[in-house]
1. What shape does the chain take by its C-alpha gyration tensor, where a ≥ b ≥ c are the square roots of the eigenvalues and a/c under 1.5 counts as rounded, a/b above b/c as prolate, and the rest as oblate?
2. Is any helix in the chain, taking whole DSSP H runs, at least 30 angstrom long along its axis by alpha carbon and on average at least -0.5 on the Kyte-Doolittle scale, and which ones?
3. Label LEU538 and ASP11 with points 7 Å out from Cα along Cα→Cβ: what is the distance between them in nm?
4. How far, in nm, would the chain grow between ARG353 and ILE190 when pulled straight, counting 0.36 nm per residue and subtracting the alpha carbon separation?
5. If you roll a 1.4 Å probe over the chain with all protein chains in place, what percent of the accessible area is carbon or sulfur?
6. Starting at the first residue of the stretch 274-286, write each ³J(HN,Hα) from the Karplus equation 6.51 cos²θ - 1.76 cosθ + 1.60 with θ = phi - 60°, in whole Hz, x for Gly and Pro.
7. Pairs on different chains or at least eight residues apart, Cα atoms closer than 23 Å: how many lysine pairs in the chain fit?
8. Quick one: compute the contact order of the chain, relative version, from alpha carbon pairs under 8 angstrom and 6+ residues apart, as a percent.
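The values are calculated or read from the model by the stated rules, or taken from the named source; none is laboratory data. Since we're looking at a predicted model, the values are computed, not measured. Virtual Cβ from ideal backbone geometry, glycine too; neighbours counted across all protein chains shown. In case anyone asks, the SASA skips ligands and DNA or RNA and just uses the protein heavy atoms, side chains included. Shrake-Rupley method; radii C 1.70, N 1.55, O 1.52, S 1.80 Å.
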Amino acid sequence: MLETQIREIRDVLDMASATALVHAFAKQDREIPAEANRGAEMIAEALRAKGIPVTVHQPEIFLSLPGPASVVLSDGTQLRAKPPAFTLSCPQGIEGELVYMAEAGGGTPLDRNPASASSLECARGKIAVIEGFALPNFIAGLEAVGAIGAIAVNPGVDIHNGTVSTIWGTPELSDLSRLPKIPSVAVNRIDGDTLIAMAANGARVTLKTELETGWFPQNLPVVEIPAANGNPDFVLLHGHYDSWGEGVGDNGTGNACMLAVAEALWALRGKLQRGVRLAWWPGHSTGRYAGSAWFADTFARDLDKHCVAHINCDSPGCRWAVSYETVQCLAEAEPYVQRVVETVTGQQAKGIRPQRNSDYTFSNIGVTGLFNSSSMMTAEDRAARGYYVVGGCGGNIAWHTENDTIEVADFDILRTDAELYATTVYGLATAELLPFDWRLTAAEFRVSILKAQTSVGGDFDFNPSLEALDILQRALDAFYTSVEAGRIAPAEASKTIQALARIMVPVNFVRGPRFTHDPALNTPPLPGIADASLWPDLAENVRGFLRAQLMRGQNRLVDALENAAALLPKS
Ligand SMILES: [Zn+2]
């Protein structure tokens, strides 16, 4: 059925103002708050020029703006460095002995839990040198063991910008204690190798960082295209417009992609059975998703009642990024994402679990999410170019550096990505039945529960979870059979599918309550019971703590499974 949608999209999709915006953004800083606000005005102006109404909100959000940084050697030599957002500002410098964390090195340790790693103990009282990017979980782990500073050795000749806050969005009072309390910087590979060699001799260096932290009014443009039939439900397409510097591939191309989608869907608004909202976020890079978190907080009740799906648009349309092999999405949305990708590109996509980053801000409320990035370079191409893995720009290592300039954009790929996003949103806004299959999510839950059971063996009983899941799976099977047989009207079935998200998404993606924001740290599937994997390695006298945790986690899970089953017709 998506053939119709893609044809209608291709008939109206016009990349002219999108292309112009990419070129304009190549010359427009969107990191400094005043300059970022100008960037948002440029998006709003482009929309108004097409007659599309846009509301520009202006929340005050909490930002951390990196300034200069350096690593000063004992002979006075200064090494180039960048301070990640939210690291401690320490312009007077902090002096200490270097220690190279060899066992912690390599790659980008996104999923490690360094706070519990005894191997980090040697960092106490020292400046730790690690390999990879300056990532929040790692720096937080080093801080927890008493490191006085940290230096991340980036893999290449360039130094990547980043952030080290684990707090998602503007902090609450109770979050403030989690703001980083030690200075950290990123250096490039060459200088990093020098520091690693010096660490072997117990050399001392001084870390200097300078950041400005505070409250800044930032523009947040939102387009609301109402459904033709007055349906208050809506699809949310979003992406950040603030960037490191002029950030063309991250995320100027994404901003332009959304502009093209807005124009296309505005032209097709007479056909929408659900509304469409498009939001361009500030505060992604320097506010740790402060813009999208403000939106989630401010419009929480509306999102809860009416948002059927959210789609994140980050780093599309970058050179050499021709692969749609893997696409981040929630399990229930995978078949739909696969259909869209195949219809638009002819490629077979595999859905993968979204990581907790990139303005995936709506999991606590419980909204099905589709896409994070879209087109990526193939692994073979990356290897052939000697590139390492980065988090955006379609895999171009210009990501989060001064090199993210106009050369990174590819306008043919951008058109394909615009078709992809437009078709995804249009398909959802015109589908009679929301195309999300909760049987797939339930099947994923079973895998997670069985994995937890295997970890604990006979020491903890996950049968209550499995029994509740059995009941839910039978009810889901009966529900989808009835829907397919036409015994439940699509509008009613869609309401149920939407309601299931409010239960099934939080229990699988977040630890905290709804209407809050979990920390910006990766979360395993069914986080309430996931720590069962730690059981085999725990000492006997510690296992009681984990048992208590698993009992609470299982209670939460069973409650969710029962509540989900209660939404379905009695079979
Ligand atoms: Zn981005």
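1. Numbers: a/c = 1.94, a/b = 1.21, b/c = 1.61.
It comes out oblate by the Cα gyration axes.
2. Values: long enough: 463-484 (31 Å, 0.06); 540-566 (39 Å, -0.35).
Length and hydropathy pass: 463-484, 540-566.
3. In this crude spin-label approximation the distance works out to 6.0 nm.
4. Details: separation 163, 0.36 × 163 = 58.68 nm, distance 3.45 nm.
Extending this stretch completely gives an extra 55.2 nm.
5. On the way: 11430 of 21450 Å².
Answer for the chain: carbon and sulfur cover 53 percent of the accessible area.
6. Coupling constants for the stretch 274-286: 10, x, 10, 10, 10, 10, 9, 8, x, x, 6, 7, 9 Hz.
7. Count of close lysine pairs: 14.
8. On the way: 1322 pairs, mean separation 90.9, N = 571.
16 percent.
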